[in-house]
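The block underneath contains the structure these notes are about, expressed in C-alpha cells.
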Amino acid sequence: MAILNKGQTFSDGEQVTSTKLNTAVDGATFASGAVDDVSTQLSGGAIIVKDGGVTTAKIADSNVTKEKIENVANMKVLGNTSGSSTAPQEVSILDEDDMNSDSDTALATQQSIKAYVDGSSTNGFTPTYYNGGESVTFPNGLIMKWGVDVISSSGGTVTFEQAFPNACINVMGVESGADQNGGFGLTAFSASSFSVNPSSPGTWHWQAIGY
C-alpha cells in the first residue's frame, strides 16, 4: 500500500531534470496507507493526530514535563479563580506583610501570612494589654478584666478602668484571705461596671469576661 502520493510521475524514456525531481519531492503528499484512521488521519495530504491517538498513558509519559508545557511567570501559579470551569490561567502570588491589597483572586506567601499574624494585635497570637494593666484582649476578640476591691457588706459598684467595647458576659469573684465565708453576691453587670452585695465585707478578687 502506497504511503506517498508522488508530486511528479515519470514516463519511460522521459528526460529527468532537476525541476522535475524537485516537483516530485516538493509536491508529494501522504497517501491513505500512511494513516490508520484511528489514531491518525489525513488532512490536505498531511498527517494529523485524531482524538483516539491521545491517550492517558501518552500524556502521563515521563517525557512530558512542566518545562515543555509552558513557562510560568515569576510569582505565578496555574489555577482557576473565575468561579466557574475554565482553562487554567496564571494566578498571582502576593508577598504582602500587611495583606493590603485584600485580593480574593491571589495567593499569599507563607512569609507574608506569618508576618501579618505576628504583627497584628487583633488577629495575631500576642494578647494586647490595656495600659492600665486591668485587662487583656485575646486574638479572637475576647477580653478578660480583673481587679481587687474592698467591698462592704452593704454592697458597692466596681467601675472598669476601661469599659468593654460591646458587652460584659460574666463576672466572678472570690474573697481574699483564709476565712472566705462570704458569698460574692453579684447583683448586676454592664459593659462599664458591676454591682455586688456580698454577705460579708472584705477584699474581693474579681474577674470579668466580655468582648
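The values are calculated or read from the model by the stated rules, or taken from the named source; none is laboratory data. Because the structure is a prediction, the values reported are computed rather than measured. Because the Cβ atoms are built from the backbone with ideal geometry, glycine has one as well, and the counts that use them run over all protein chains shown.
Before moving on, here are some points about what is shown:
- For the stretch 123-151, residues that are in a loop (DSSP other than H, G, I, E, B), in contact with a strand residue (DSSP E or B) (Cβ under 8 Å, 6 or more places away or on another chain) and modelled with pLDDT under 75 total 2.
- Scope the stretch 185-211; condition assigned to a loop (DSSP other than H, G, I, E, B) and crowded, with 18+ Cβ neighbours inside 10 Å; matching residues: 198
- The listed residues are 92, 103, 62, 112, and the only one of them that is assigned to a loop (DSSP other than H, G, I, E, B), modelled with pLDDT of 80 or more and more than 29 Å from residue 210 (Cβ to Cβ) turns out to be 103.
- Check on residue 13, in a loop (DSSP other than H, G, I, E, B), outside the structural domain of residue 95 (by TED's automatic domain parsing) and exposed (fewer than 10 other Cβ atoms within 10 Å of the Cβ): yes
- In the stretch 185-201, the residues that are at pLDDT below 85 and of a type outside the set (Ser, Thr, Tyr): 201
- Residues of the stretch 16-33 that turn out to be surrounded by 14 or more Cβ atoms within 10 Å (Cβ to Cβ) and assigned to a loop (DSSP other than H, G, I, E, B), as a count: 2
- For first residues located in the stretch 1-12 and in contact (Cβ under 8 Å) with a residue 40 or more places away in the chain, partners that are assigned to a strand (DSSP E or B) and lie 6+ apart or on another chain with Cβ distances below 7 Å form the pairs 5/29.
- Taking the listed residues 97, 36, the one that is in a loop (DSSP other than H, G, I, E, B) and under 20 Å from the mean Cα position of the chain (by Cα) is 97, with no other qualifying.
- Restricting the first member to the stretch 133-146 and to residues that are among the aromatic types (Phe, Trp, Tyr), and the second to residues that are surrounded by 14 or more Cβ atoms within 10 Å (Cβ to Cβ) and outside any loop (DSSP other than H, G, I, E, B), the beta-carbon pairs closer than 7 Å and six or more apart or on different chains are 146/206.
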